[in-house]
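The values are calculated or read from the model by the stated rules, or taken from the named source; none is laboratory data. Given the structure is predicted, the values throughout are model-derived calculations rather than measurements. Virtual Cβ from ideal backbone geometry, glycine too; neighbours counted across all protein chains shown.
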Amino acid sequence: MHLFLVWQNSGEPIDVKMPRKIVAVLADLMFQVKISDAAKRAGVVVEFVKTPDSAIQQAPGAAAVILDLNFAPPELIARMKTGDDTRSIPLVGAPTAEATAEPEVELLPEVQPEST
């Protein structure tokens, strides 16, 4: 975690601790490189994992979890949204037609298929 100074309306600085870790569940090397590059520029550490159990273990304390819904099993979403240590962590993913057909995806109403 990094410490940032944020100014209140009164002009007084306050200390804010921001999580500086993102967990990514994906296998695509191209996306790993792009995510790594963006994270490096933002000063964020990315932990790439390939299994649901690894994602659940690494997720607590993360700012977000990035899911490749072509790779990550749909039951991982249900586990993340119901786990005590993981339910408040935002999940980011690009759903596919197959992924949105799975019932577990209904736990993420904010995830909508991209329009083309």
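Here are the numbers:
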quantity	calculated
Candidate set: the range 41-55, residues that are crowded, with 16+ Cβ neighbours inside 10 Å and of a type outside the set (A, V, I, L, M, F, W, C); chosen: the one nearest to residue 76 (Cα to Cα)	52
Criterion violated by residue 78 - all others in (1) crowded, with 17+ Cβ neighbours inside 10 Å; (2) within 18 Å of residue 21 (Cα to Cα) satisfied	(2)
Single match in 16, 105, 111 (criterion: part of a loop (DSSP other than H, G, I, E, B), touching a Leu at 6+ places or on another chain (Cβ under 9 Å), modelled with pLDDT under 55 and of a type outside the set (Phe, Trp, Tyr))	111
Unique match (being exposed (fewer than 13 other Cβ atoms within 10 Å of the Cβ) and either at pLDDT 55 or above or in a loop (DSSP other than H, G, I, E, B) (or both)) among 38, 72, 62	38
Filter pass, residue 33 being surrounded by 14 or more Cβ atoms within 10 Å (Cβ to Cβ) and modelled with pLDDT of 85 or more	no
